[in-house]
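Undergrad: If you scroll down you'll find the structure; I have some questions about it.
Each value in this text was obtained by applying a stated rule to the coordinates, not by laboratory testing. This is a predicted model, so every value here is computed, not measured. Neighbour counts run over all protein chains shown; Cβ positions are idealised from the backbone, glycine included.
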Amino acid sequence: MDRITISTFQLFAMFPDAESARVYFESRLWPDGVRCPVCAEPKNITTRKRRGFYRCNRCREDFTVCTGTIFERTHVPLHKWLYAMYLLVTARKGISSLQLSKQIGVTQKTAWFMLQRLREACGSDLDKLCGIVEVDETHVGGLEQNKHERDKLRVGRGAVGKTTVVGLRERGPGGRLIAHPVDAPDAVNLQSAVFRHVEQGSGIHTDEAAAYAGLDDNLFFKHETVNHSAGEYARGDINVNSIESVWAVLKRGLIGVYHKVSKKHLHRYLNEFAFRLNDGDVKRHTFDRLDSLIRHAAGKRLTFAECIA
């Protein structure tokens, strides 16, 4: 086995069926033994009704390892879920629901819902970023010239008809990323994101966009800019190259893999890409990345009705 990765063949050999995957999920979600997801009392558990099913002796609730997670009430075997998670953390630009459906033998509709639930798990509340933080915004959506006539807005160029995404990334190895949609690329939205996600006293690097100008007027951050319009992309160690590299990977994934992402679900796709850069770093062993995603899956639920509402 490779030092930090495992192959698809090795994964299938280790988890050939739903039972082996269930044991693995239980070892990760319940490292100290079976725990009731309702009353969280480990001492009062739990009589085993049948393999994988438990009953809490205190609250009399029946549960499995899927209860209280994104896997709750799933009809897809757990080893197929595990393979989908493997693909999500190892595919740099993501995997489409059509491709996943072919690889695990489910319908495209089921594969799409599985990926949406996994993206829901990828979302997490990180501690505030610190040190030097690069901040930038991008716009996601189709070009006006490529749209059908009925969909064209005909009100200008640039960001017209697109959704603005703000991104903040810590400088240096292991630097964390936060990215989410905002209503507009104005000072209120962009500066609010900085104050919400960055520790006071940190250094902020941005481009020369006017929306960031107000950051110079307070004592909370040390704000430095590079002037892209003048052909300046770095001045010493002042640049926004790391966050712009994130946009490069994001857009190649959205265009090349997913082709089109609705504004309604965009935040989940951003969660997925941010997770791969944070917990899914390729320098970590594949199982460490899988463990992170499994831990994030606990305490979250996304029903199909909520997803399409």
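Undergrad: What is the set of long-range amide H partners of THR69 at a cut-off below 5 Å, with H atoms built 1.01 Å from backbone N?
TA: Here the answer is GLY299, since their amide H atoms fall under 5 Å of that of THR69.
Undergrad: Next question, about the same structure. Assuming a strict under-20 Å limit between Cα atoms, what lysine pair count do you get for segment 132-278 once near-sequence pairs (fewer than 8 apart, same chain) are dropped?
TA: Here the count comes out as 16.
Undergrad: Count charges around THR164 for me, please; just the other residues with Cβ under 12 Å from its Cβ, Lys/Arg as +1, Asp/Glu as -1. Numbers along the way, then the final one.
TA: On the way: positive: LYS162, LYS263; negative: ASP136, GLU137, ASP183, ASP186.
Net charge in that neighbourhood comes out at -2.
Undergrad: Near the amide H of VAL226, under 5 Å away, which other amide H atoms are found, from residues 5 or more places off or on another chain, if H is placed in the peptide plane?
TA: Under 5 Å from the amide H of VAL226: THR206, ASP207, GLU208.
Undergrad: Compute the helix-to-body angle for 18-29: its Cα long axis versus the longest principal axis of the chain, expressed 0 to 90° and rounded to tens.
TA: That helix lies at roughly 60 degrees to the long axis.
Undergrad: Any chance you could give the angle, 0 to 90 degrees and rounded to 10, that helix 187-197 forms with the longest Cα principal axis of the chain?
TA: 40
Undergrad: Okay, next question. So for the pair VAL160, SER20, with labels modelled 7 Å out along Cα→Cβ, what separation do we get in nm?
TA: With each label point 7 Å from Cα toward Cβ, the separation is 5.7 nm.
Undergrad: Continuing with this model, one more query. Could you work out the relative contact order of segment 132-278? I mean the mean sequence separation of Cα pairs under 8 Å and 6+ apart, divided by the number of residues, in percent.
TA: On the way: 216 pairs, mean separation 36.9, N = 147.
This gives 25 percent for segment 132-278.
Undergrad: So if I restrict to the alpha-carbon atoms in the chain, what is the Rg, and what is Dmax, the biggest pairwise distance, in Å?
TA: In Å, with Rg to one decimal and Dmax whole: 22.0, 70.
Undergrad: Using just the helices of the chain, give the 222 nm mean residue ellipticity in deg cm²/dmol: DSSP H runs with n ≥ 4 each add -39,500 (n - 2.57), and the total is spread over all residues, rounded to 500. Intermediate results must be reported in sequence, preceding the final value.
TA: Values: 10 runs with 109 residues, N = 309.
Helices in the chain give a 222 nm mean residue ellipticity of -10500 deg cm²/dmol.
Undergrad: Amide H to amide H under 5 Å from ILE132: which residues, 5+ apart in sequence or cross-chain, H placed 1.01 Å off N in plane?
TA: Long-range HN contacts for ILE132: ARG171, GLY203.
Undergrad: What is the list of residues in segment 269-287 whose amide nitrogen lies under 19 Å from a point 7 angstrom out from the Cα of THR5, following Cα to Cβ?
TA: Answer for this model: 273, 275-287.
Undergrad: Step through the residues of segment 52-62 one at a time and calculate ³J(HN,Hα) from phi using the Karplus curve (6.51 cos²θ - 1.76 cosθ + 1.60, θ = phi - 60°), rounding each to whole Hz and writing x for Gly and Pro.
TA: Per-residue couplings from phi come out as x, 10, 10, 10, 7, 6, 8, 9, 6, 8, 8 Hz.
Undergrad: What is the dipole size for segment 132-278, taken about its Cα centre, with +1 at each Lys and Arg Cβ and -1 at each Asp and Glu Cβ, in debye to the nearest 20? Let's see the in-between values first.
TA: Values: 19 positive and 19 negative charges, 188 e Å.
Using only the charged Cβ atoms, the result is roughly 900 debye.
Undergrad: Give the angle, between 0 and 90 degrees and rounded to the nearest 10, that separates the Cα long axis of helix 78-90 from the longest principal axis of the Cα atoms of the chain.
TA: Rounded to the nearest ten degrees, it is 20.
Undergrad: Take the alpha-carbon centre of segment 235-294, take the same for segment 71-143, and report the distance between them in whole Å.
TA: Value for the Cα centre distance between the two parts: 10 Å.
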